[in-house]
């Protein structure tokens, strides 16, 4: 007896996943555009495709992030490769990119450092939007740097005026040349406190723990970044850091104590103080 034909419409109706997630997984398996799930909704699917979809559906139902299942996540209008070795780019982090770009207005060939680059989403987005920027990105994880390198190679123009994005392995500033100076330093460091219950929930369970928590109070990485920034900032250079929803006041205090001026925080679309930064006096 032949098996009952399975269509995209039937798979989506029967899925236990939220409709958007089910559609993302199915288009990934079929190699279709999202609109084709409508125009070809009653087309009979090959058994192998149905089985591949159901495997991904089950993995997602067990909690694995959609971005890891399909291998990509959109950020700042570009699709970045994602693996279990890197933090999944979040929409709220786009505020860090926008603020960094605003700080570069009026500068020719601005020099930018991205600390803890992960996928390279922040650095690549800046480098793509400002082709003249000289962008340096570091991470202590060799696996993360491999992902960032692939994203930079695929998404950036090899002939951009600012030159190729420089990627290097370093624990914050430790491996940087002492003579380097940057107009803008940005970072989305691990800022979740070690005992935070969110680490055992949702997508965070499948992301690299070292990119999420400092295994302390959530501020130790930020302290190191703020303390080390003056040695690598040019005159009037700026530092911007992403942090937790309840850390803005503490981060502003760290910046002020380190001698930064014009210290302030910026709110994301949810109204949360998501990033804080300041300018180093000339």
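Throughout, read-outs are computed from the coordinates displayed, never taken from laboratory work. The shown structure was predicted, so the numbers you read here are calculated from the model rather than taken from an experiment. As a convention, Cβ positions derive from the backbone with ideal geometry for all residues, glycine included, and neighbour counts pool all protein chains shown.
Relative to the compact-globule estimate of 2.2 N^0.38 Å, the Cα radius of gyration of region 243-282 comes out at 1.16. Based on the Kirkwood radius over alpha-carbon pairs, what value in µm²/s does the Stokes-Einstein equation return for the translational diffusion coefficient of the chain at 10 °C and 1.306 mPa s? The Stokes-Einstein estimate is 78 µm²/s.
Of 79, 183, 85, the sequence from fewest to most neighbouring Cβ atoms within 10 angstrom is 79, 85, 183. As a test of the definition: which semi-axes, in Å, follow for region 190-282 when you take the square root of five times each eigenvalue of its alpha carbon gyration tensor? Largest first, please. Equivalent-ellipsoid dimensions as semi-axes: 26, 14, 10 Å.
One quarter of the surface of the convex hull around the alpha-carbon atoms of region 8-62 equals 3.3 nm², the direction-averaged projected area. Shape analysis of region 128-191 based on the Cα gyration tensor places the equivalent ellipsoid semi-axes at 20, 16, 11 Å, largest first. Computed over Cα pairs, the Kirkwood radius of region 75-127 leads via Stokes-Einstein (1.002 mPa s, 20 °C) to a diffusion coefficient of 181 µm² per second. In a Debye calculation with equal point scatterers on the alpha-carbon sites of region 107-163 and no solvent, what is log10 I(q)/I(0) at q = 0.22, 0.24 Å⁻¹? Debye intensities relative to I(0), on a log10 scale: -0.76, -0.89.
When both region 157-236 and region 23-79 are represented by their alpha-carbon centers, they are found 32 Å apart.
Sorted from greatest to least, the principal axis extents spanned by the alpha carbons of region 21-114 come out as 57, 29, 18 Å.
In the chain, the longest principal axis of the Cα atoms and the axis of helix 94-103 are about 30 degrees apart. Put simply, the convex hull of the Cα atoms in region 90-229 casts, on average, a shadow of 8.5 nm².
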